[in-house]
1. In the range 235-256, what count of residues is obtained for those that are part of a helix (DSSP H, G or I), under 33 Å from the mean Cα position of the chain (by Cα) and surrounded by fewer than 22 Cβ atoms within 10 Å (Cβ to Cβ)?
2. Of all residues being touching a Pro at 6+ places or on another chain (Cβ under 8 Å) and over 11 Å from residue 370 (Cα atoms) in the range 311-334, which is surrounded by the fewest Cβ atoms within 10 Å (Cβ to Cβ)? Just the residue, please.
3. Residues that are touching a Lys or Arg at 6+ places or on another chain (Cβ under 8 Å) and either surrounded by fewer than 21 Cβ atoms within 10 Å (Cβ to Cβ) or more than 20 Å from residue 109 (Cβ to Cβ) (or both): does the range 149-161 have at least one?
4. Has the range 614-633 got at least one residue that is acidic (Asp, Glu), in contact with a Leu (Cβ under 8 Å, 6 or more places away or on another chain) and on the phi > 0 side of the Ramachandran plot?
5. Test of understanding: among 535, 549, which residue is modelled with pLDDT under 95, in contact with a helix residue (DSSP H, G or I) (Cβ under 8 Å, 6 or more places away or on another chain), closer than 23 Å to residue 463 by Cα and not small (Gly, Ala, Ser)?
6. Would you please list the contacts, defined by Cβ atoms under 7 Å and residues six or more apart or on different chains, that run from a residue in the range 386-408 that is in contact (Cβ under 8 Å) with a residue 40 or more places away in the chain and within 17 Å of residue 430 (Cα to Cα) to a residue that is of a type in the set (A, V, I, L, M) and assigned to a helix (DSSP H, G or I)?
7. Between 350, 362, 371, which is at pLDDT below 95, touching a helix residue (DSSP H, G or I) at 6+ places or on another chain (Cβ under 9 Å) and either surrounded by 19 or more Cβ atoms within 10 Å (Cβ to Cβ) or over 20 Å from residue 67 (Cα atoms) (or both)?
8. Search the range 493-541 for residues being out of contact with any Leu (no Cβ under 6 Å at 6 or more places or on another chain) and part of a strand (DSSP E or B), and hand back the single one that is surrounded by the most Cβ atoms within 10 Å (Cβ to Cβ).
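The values are calculated or read from the model by the stated rules, or taken from the named source; none is laboratory data. None of these values were measured; they are calculated from a predicted model. Glycine also receives a Cβ, built like all others from the backbone with ideal geometry; neighbour counts cover every protein chain displayed.
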Amino acid sequence: MKDMPVAQVRNFALLGHTGSGKTALLDALLFKLGVNDRHGSPENGTSVADWTEEERERKISIWAKPFDARFTPAGGAAHRLVIADTPGYADFVGQAISAAAVADLGVVVIDAVAGIQVGTHRAWRQCEQRKLPRAIVITGIDRENADFDTAANAAIGLWGSRCIPATFPNAARTKIIDVLAAAPEAEGGERAAELRSRLIEAAAETDDALVEKYLGGEELSAAEIAKGLRAAVAGGVLTPMFAVSAKTMVGLPELLDNIVRLFPSPLERAVSDAEGKTVDPAPTAPFAGFVWRSILDPFVGQLSLVRVYGGTLRSDSEIFNASKQQKERVGAFYFLNGKKQDPAPEAHAGDIVAIPKLKHTGLNDTLCAPGSTFRFAPILFPNPVMTFAVSCKTQGDEDKLSIGLRRAADEDPTLRVERNTETHELTISGMGDVQLQVAVENMRKHNKVEVELHTPKVAYKETITARGEGHYKHKKQSGGRGQYGEVYLRVEPRAPGDEEWFVDAIVGGAIPGNFVPAVQKGVVEGLQRGALAGYPVINVKITVYDGSYHDVDSSEIAFKIAAERALRDGLSKARPVLLEPIMKLTIQAPDQCMGDVTGDLNHRRGRILGMDSQDGLQIIVAEVPQAEVFQYSSQLRSMTGGRGSFDLEFSRMDTVPSNIAQRIIAEAQKHKQEEEE
């Protein structure tokens, strides 16, 4: 804001497992800060954060959303808090990744009853990968069986001694002890004094002058402690922990004081572009911003959510899209608080604004002042793990379906829509069944199109395992000029690294040179339908070595037909086999679920490549045929009680076992007969 120095801005994202209390914490903060006039709750559908229809129905966060508030600590200056709420549900991990990518700090939220869960590990890894400073908030300390110390000790056991409580509850859990407040030992006893000493030591270690002063026995001022602690947090050597009850709001005042005291401002966390150039966050520097999310608003149209990293963005100004090399005109833009859009005359480093109706701008684009050369690295998202073929229930709705799918993919970067050229199916891929159900439901509501999802076809291939000779003479006479062409060829497996797949070994002009391109064209078309089940043929080498022609009747079409049929003849004699895509799975699951997971992998024809452990979870690396993993996301979730997750990527093509290949070939032949009839 115009009157808010960048040094007094705190930008952070709430991350963690689904149900850990992120949105409840945000609702409590927004009520405490006066952004909302009532204390909303996701449980009863009054949350100011989970305000969309699908979020209220499912009682989970689906979209990452920025919020904007002011907080003035006692005796201090007003600060601006830019807070992003994120989904914890694994299907919507792309939203959390986007929000974490543009935050100055990640607040990892842990439930005081459930403790550290799979989503907690996932959130921590996201921060680690981005070298994002962290804080931990342990919520729900008012609930029965809640235990702040158990959750805090688990975090320390996993992530080390850098995790230090900055607040903790008293024995009755009715009051919070702020370790950095004046004389905390009066209420917190020796524990408060010991924690305060550790925090002051961490602050002193960030600056040589402070170290000298600290070791000399001099007392550090509150300002020196705060500055040192912000540096420690920004450098990743300190992860402060806080105790909060969102329901009773116990611990919120202490948390807000420490957000100002400990969280780094945009001035205290260096940010670089893709080339390593540091972005100057000062308001007088050239403007630099990054588009981290795109929203299709039913009233305004496209809204580009932009994190400002440097300079000043002003309404009614011209900016430059460095990613698309296009100029853009900015009219009005807004700060977002749920449904509410507050017009903003200007924005500075740390701010997140929504800019409507940019013509050339989309996700991952860098926006900057004209003449600047900044370009930020794009946000990288995980590969989808679940795929469905998608079609309209009603003929004639293809245009509506296309618009709906494009809109869904624009709003959620982990959704991928593709036209499979091999199976001729339109597919939609995502991180899980709930995400895809939400996309389908939104298409029904917003685009008025009913969609059917079904298991996609597998893009099988064919190859050969031996050498084979092929021959065909195409001879046709029906009055007038006839057709004549004869081709002899040899097929054999192509060695890895051999780029030459077609060899012209014709001697003596058995096939004139002007017909050789037609022969090659016939071979190319023949490779599209193999001799086994009509799937494309790969990894073969074809040598054309002989043939014959007729001075009058030979033509390009005759040699094309002869080559295609000779190839089919050769392939059928070269011991053809069916190939299927093999996927590499990296599965994270709790130790007690390992037997079920490994047994299920064996049932799916999987091959386990290795096992490891990380962050208290077991890691299984396995290869599984693609046909066996289309619905694996929901099945793994069921086996592990929602605590398992996996990454998926293509590995290679491999031979289909003969018993399964026979069934696939029989189905292909049956389908071919139905088409011919």
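1. 2
2. 331
3. Scanning the range 149-161 turns up no residue that is touching a Lys or Arg at 6+ places or on another chain (Cβ under 8 Å) and either surrounded by fewer than 21 Cβ atoms within 10 Å (Cβ to Cβ) or more than 20 Å from residue 109 (Cβ to Cβ) (or both).
4. The answer is yes; a qualifying residue exists.
5. 535
6. From residues that are in contact (Cβ under 8 Å) with a residue 40 or more places away in the chain and within 17 Å of residue 430 (Cα to Cα), the pairs are 386/436; 388/436; 404/443.
7. Just one listed residue meets the conditions, 362.
8. 540
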